[in-house]
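Enquirer: Got a structure for you, written out below as structure tokens; questions coming shortly.
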Amino acid sequence: MKLPPSTFLTTLIVLAIASLAANSAFAEQKPKTKTPVIKASNAKELKANIGNKVSVEGKVTSVAKGPKDKMRFLNFGKSEKTGFTAALVPAVYPKFENLDRMVNERVRVTGKLETYKKKSVIKVTRPAQVKILEPKKAKTTKKEKKATE
């Protein structure tokens, strides 16, 4: 049985499209890699991960405002010139209720780690990149446990 040329061509096109769709569906399924978590105080580890997507955790020591570009900064070091900083772009920081309340809070910032003026920085372009963590529970000593029993 001979098919008309238009039917044969249509069938061939449908099969080619189905094959491409199946191949692209499998190609898009990359195994998820876990984002490494680095302490904000670990300068060596921060430096080793420049250019990579990471999560940085630590205690926010101060919040600062950029003089010209209206950026906001969450600083994790003893000084604004050392340690790790999360740089919030002007479009994102108004989405946070009160940045100052993050001071002394444990925070996780996720994104591409970069260097700016010899400092490790993650540029925050979405609120989901910043998460306030639960406070660490204080460890009780054996002596304290006996005293409460």
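Enquirer: Somewhere in the range 55-75, is a residue at pLDDT 95 or above, surrounded by fewer than 16 Cβ atoms within 10 Å (Cβ to Cβ), in a strand (DSSP E or B) and in contact with a Lys or Arg (Cβ under 8 Å, 6 or more places away or on another chain)?
Expert: No, the range 55-75 contains no residue that is at pLDDT 95 or above, surrounded by fewer than 16 Cβ atoms within 10 Å (Cβ to Cβ), in a strand (DSSP E or B) and in contact with a Lys or Arg (Cβ under 8 Å, 6 or more places away or on another chain).
Enquirer: Do we find a residue being crowded, with 17+ Cβ neighbours inside 10 Å, aliphatic (A, V, I, L, M) and assigned to a strand (DSSP E or B) anywhere in the range 32-45?
Expert: Taking every residue of the range 32-45 in turn, at least one turns out to be crowded, with 17+ Cβ neighbours inside 10 Å, aliphatic (A, V, I, L, M) and assigned to a strand (DSSP E or B).
The values are calculated or read from the model by the stated rules, or taken from the named source; none is laboratory data. Not measured: the values here are computed from a predicted model. We place every Cβ from the backbone using ideal geometry, glycine too, and count neighbours over all the protein chains shown.
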